[in-house]
Amino acid sequence: MESVGPFEFRECISLMKSTGEKAKTLRELRDLIAIISDESIYHHTYQYYLRRQILEYNNDFAHWAGESLEESALSEYFSNIDPFLFKDIGELRKALLKVIDDYLERFPEPRETMPGEEFYFNEAIILLFPEGLRANNLAEFLIAIKYIDLPSIYYHFYEARVRLGSGIDDFSKWVEGGLGRKDLAAKIRNIDPLMHTLEGIREHLAEMVEEEVRKDMEVVPR
Amino acid sequence: MIDEYSGIAPKGDLILLQKLGEKMKNRSFLHVNSTRAGGGVAEILQRMIPILMELGITAKWEVIQGDSRFFDITKKIHNALQGNSETITKEMWQYHFEVNRKNAEGCQLDADAVLIHDPQPSPLIEFRKKGQWIWRCHIDVSNPVKEVWKVLSRYCEKYDAAIFSVQKFAQAMGIDQFIIPPAIDPISEKNRELRGDEIIETVAKFRLPTDRPILLQVSRFDRFKDPMGVIRVYQIVKKYNDCILILAGSPASDDPEGEMVLNETREAAGNDPDIHILLLPPFSDIEINALQRIATVILQKSLKEGFGLTVSEAMWKGKPVIGGAAGGIPLQITHDITGFLVHSVEGAAFRVRQLLNNPELAKRMGENARAYIRANFLITRQIRDYLSLWYYMENKGRHILEL
């Protein structure tokens, strides 16, 4: 049995706070993105993965552009922004503004949303707490992955990338640093966070880890 | 009681509740609303108070008392806040305040946190003694009659924070505003699992035919719930698919218009033997539970809605729900995934027909719906959010709170 430091599962929940700001046109959205708090930008981009149900969009701006503004191309441009590539919120904010500026240059008069369909800028208050689960080895980790709440996967797989930087998540960090399994860590890092729902991430992780555990258990006749 | 949610509610919510309970142990949390029976607020409070107590919090619930004049006024205020043209005179506002002043004399308002539900008891802020005061607005105030909102907001802006169910209800106010959707209780009589024999026994008294698909809407008899529209939906569907329609609702003591709308609904139904209008007494929880479980398709065709808890109730039972795209309904139904959102009688009829003709689609949608409600709309999440808010207010300025 491997002797390693345990993986402590944690979870975060968010309490949504309204900034009181809303945009009914793309120009209003642009002006507000330029000045809204970092917490709000964070909420509408990184934290989108905690809430999303459909893979069509990658952030609230893309979702709004597609569903409320009905500007499909703009929605695609927004969705193409990978928030994990930016070193800070300031850079991400610039990228969002550039998408809008480029779009407005080509299509200066995008439509206005219907009343009630405006973009509402919110922030999130995060509460962080232990999930009450600990994995001492890969087999325990596999069981935990199958049963932890989805917000725990969000915290360790998405939020960790912002916390740790360089595209590293908590799971692959532990698998590599704690268990010395570089190949498995690389496989986990290859899961594209933008292309899956949280349930999809859970399935991929479980599949990869299970394969590794099965290999460990196999007895090769000599 | 908390243990009963184990295996039903998300584990993280239960852990966080315990942790927040430890932080707020022996502190007092007062809820005030205007009715003990009928409507989503009273229902949630009946369940929430014992849970808060079990967490070690001194939870209290006060109901303000008023006469029919008071409730006529507050109904008008309610309607005006939902965008209906109403005039609230100076005298009416004065009476609204006076009734609250009298109530304040009889209520113990000196709690560590006070949550005032909806506009009826909002003037109680004038009699604040201590603690954090939060105004909890359950109704759709996205497009209120401006004059009415202006007067009411003089009270609301004196609170430390306001809570709205949906982000688009939030108003320009000088206080912090939070978005907390309401929720259902999965172990209450209205939502718990029912055995087959319990369902049969419970619905037997209504003498409903069960040989055809059942369309159901459960709601108060209120114009904003569009019961007449639901009858028109049924009439369109009936031309293609034989089915029956059940409209079931309980009266609420703070809704004087209910009887009028009920009579209009009965008139619209005429003498069609396949339309069943069931006026259920308050606390008909097991009856509603059983009706939702025998239904094939459930409608909530609201034109205006605070949140529409009946949508979550139906979704929790794994049913496909067709909801009007109003208020909090789009928050519960992701169109084409966890249900259908509609904007017209015709749209609703089309979706009913689609579901009646595709049982597999109905099943898949129902399964998605149940999973979504589990993650987002159970009472454990709502209590978690209220306590998180209270905790945040006492640790202001920090966006990340570690427990």
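Read the figures in this text as sums done on the coordinates, not as results from a lab. Given the structure is predicted, the values throughout are model-derived calculations rather than measurements. No Cβ is skipped: glycine too gets one built from the backbone with ideal geometry, and neighbour counts run over all protein chains shown.
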Legend entry - Crossing angle, helix B:11-23 versus chain B [Cα axis fit, 0-90 degrees, rounded to tens]: 20
Legend entry - Inter-probe distance in nm under a simple model that places probes 7 Å from Cα toward Cβ, at B:Lys25 and B:Leu208: 4.7
Legend entry - Residue (of A:Ala185, A:Phe84, A:Pro115) at the positive-pole extreme of chain A, dipole from beta-carbon charges: A:Ala185
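Could you tell me the convex hull volume per residue, in Å³, taken over the Cα atoms of the protein assembly as shown? Don't skip to the end; give the middle numbers.
On the way: hull volume 110.6 nm³, N = 625.
Cα-based convex hull of the protein assembly as shown, divided per residue, equals 177 Å³.
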Legend entry - For the protein assembly as shown, calculated [θ]222 nm from helices alone, where every DSSP H run of n ≥ 4 adds -39500 (n - 2.57): -13500 deg cm²/dmol
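When you look at the Cβ of every residue in B:3-11, what mean number of other chain Cβ atoms sits within 10 Å? Working shown, then result.
On the way: counts 0, 0, 0, 0, 0, 0, 0, 7, 8.
If you average over the peptide's residues, the count of other-chain Cβ atoms is 2.
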Legend entry - Qualifying trypsin sites (Lys or Arg not before Pro) for the range B:312-403 [loop in DSSP, other Cβ within 10 Å: at most 11]: B:Lys396, B:Arg398
Legend entry - Under the Karplus curve 6.51 cos²θ - 1.76 cosθ + 1.60, θ = phi - 60°, whole-Hz ³J(HN,Hα) for the range B:310-319, x wherever Gly or Pro sits: 4, 5, 4, 4, 5, 5, 4, 8, x, 9
Inset, instruction - List every residue whose amide H lies under 5 Å from the amide H of B:Lys60, counting only residues 5 or more places away in sequence or on a different chain, with H placed 1.01 Å from N in the peptide plane. - result: B:Phe29, B:Leu30, B:His31
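Beyond 27 Å between alpha-carbons counts as too far, so tell me which of B:Lys146/B:Lys190; B:Lys190/B:Lys304; B:Lys19/B:Lys130; B:Lys168/B:Lys239; B:Lys239/B:Lys363; B:Lys23/B:Lys75 fall in that bin. Kindly include the intermediate steps, with their values, before the conclusion.
On the way: B:Lys146/B:Lys190 37 Å; B:Lys190/B:Lys304 24 Å; B:Lys19/B:Lys130 24 Å; B:Lys168/B:Lys239 38 Å; B:Lys239/B:Lys363 24 Å; B:Lys23/B:Lys75 38 Å.
Result: B:Lys146/B:Lys190; B:Lys168/B:Lys239; B:Lys23/B:Lys75 exceed 27 Å.
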Legend entry - Only Lys, Arg (+1) and Asp, Glu (-1) charged, at Cβ; chain A dipole about Cα centre in debye: 540
Legend entry - Check: the protein assembly as shown dipole with +1 on Lys, Arg Cβ and -1 on Asp, Glu Cβ, in debye: 560
Inset, instruction - Could you tell me whether the range B:196-376 comes out rounded, prolate or oblate from its Cα gyration tensor? Rule is a ≥ b ≥ c as square roots of the eigenvalues, rounded for a/c under 1.5, then prolate if a/b exceeds b/c, otherwise oblate. - result: rounded
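Please give the per residue volume of the convex hull enclosing the alpha carbon atoms of the range A:86-222, rounded to a whole number of Å³.
Numbers: hull volume 23.1 nm³, N = 137.
Output value, Cα hull per residue: 169 Å³.
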Legend entry - ³J(HN,Hα), Karplus 6.51/-1.76/1.60, whole Hz, each residue of the range B:366-382, x for Gly, Pro: x, 5, 4, 4, 4, 4, 5, 5, 4, 6, 10, 10, 9, 4, 4, 5, 5
Inset, instruction - Have a look at B:Asn395, B:Leu355, B:Ala325 and report the one farthest towards the positive end of the charge dipole of the range B:244-403, computed about the Cα centre with Cβ charges (Lys/Arg +1, Asp/Glu -1). - result: B:Asn395
Legend entry - Cα coordinate range in the range B:160-286, projected on the principal axes (Å, largest first): 55, 34, 31
Inset, instruction - Compute the normalised compactness of the range A:16-123: alpha-carbon radius of gyration over 2.2 N^0.38 Å, N being the residue count. - result: 0.97
Legend entry - Antiparallel DSSP beta bridges within the protein assembly as shown, percent to nearest 5: 25
Inset, instruction - Please grab the % of Cα pairs in the range B:281-332 that end up more than 13 Å from each other. - result: 56
Inset, instruction - Treating only the Cβ atoms of Lys and Arg (+1) and Asp and Glu (-1) as charged, compute the dipole magnitude of chain B about its Cα centre; round to the nearest 20 debye. - result: 680
Inset, instruction - For chain B, just run the numbers: alpha carbon Rg, then divide by 2.2 N^0.38 Å, N being how many residues it has. - result: 0.98
Inset, instruction - Report, by chain and number, residues whose modeled amide H sits under 5 Å from the one on B:Phe178, excluding near sequence neighbours (fewer than 5 apart, same chain). - result: A:Ser18, B:Ala162, B:Ile163, B:Phe164
Legend entry - Point-to-point label distance, B:Lys150-A:Asp216, nm (Cα→Cβ direction, 7 Å offset): 7.0
